Amino acid sequence: MGFVAGAYLIGYNSKVCGQSAEGIMFERQLFKRLITGDWMGQAPQDAIYLGMDLTSMVTFIEADAAAMADIIKPYNGAATTLTNAVVGVMDRQHAVVKSLVLTSLLTGTVINANGGTGATSVNPLTRTLPRSILAENYPVRELFGTQLRDVPIKFRHYPTPHVQSTGVGGGEFGTET
């Protein structure tokens, strides 16, 4: 067993997001329709896969970084945070989703089970999620005070659908290298 650690530069809409408090955490959730029946009561007998949800959470500690306005005001553009945008805009159809890119800042060091170390490259070196936006129903909090203004953010990532002649196909949320 080995442990891998390494910092990542986070960019949004081709702009630097600044430092994060503890990196970025990705969360995947699978959707399934459970199959139950009178044979086993309410005990699931099987399930039908219905897709996946991908979100990520990060706390930025440089609230004045270039990308912050794009992140916290996805529908307002250059307007202030106190302006409500036009209602009814769809994320993917109106190009308010932007690319979130993580780039490794260093190669990691693996510490194996017996305490030895060995150089390795951080995996992945980059992760690109081209359709990302501030998650729905997520409150953006900005501290106005004498403490560090940290900005916790939750991103929703949309997949790029695969075109298939057989109907509904899969999709990719992004790429890794």
Partners for Lys32 among lysines (Cα-Cα distance below 24 Å; same-chain residues under 8 apart left out): Lys154
Anchor Lys15: aspartates and glutamates whose Cα lies under 16 Å away (excluding residues fewer than 8 positions away in-chain): Glu62, Asp64, Asp70
Amide hydrogen neighbours beyond the local backbone of Gly18, cut-off 5 Å, H modeled: Ile10
Cβ crowding within 10 Å averaged over residues, with 65-73, 29-37 ranked highest first: 65-73, 29-37
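A short reminder: the numbers here are calculations on the coordinates, not readings from a lab. Values in this document were obtained by computation on a predicted structure and should not be read as measured data. Counting neighbours? That spans all protein chains shown, and the Cβs are built from the backbone with ideal geometry, glycine included.
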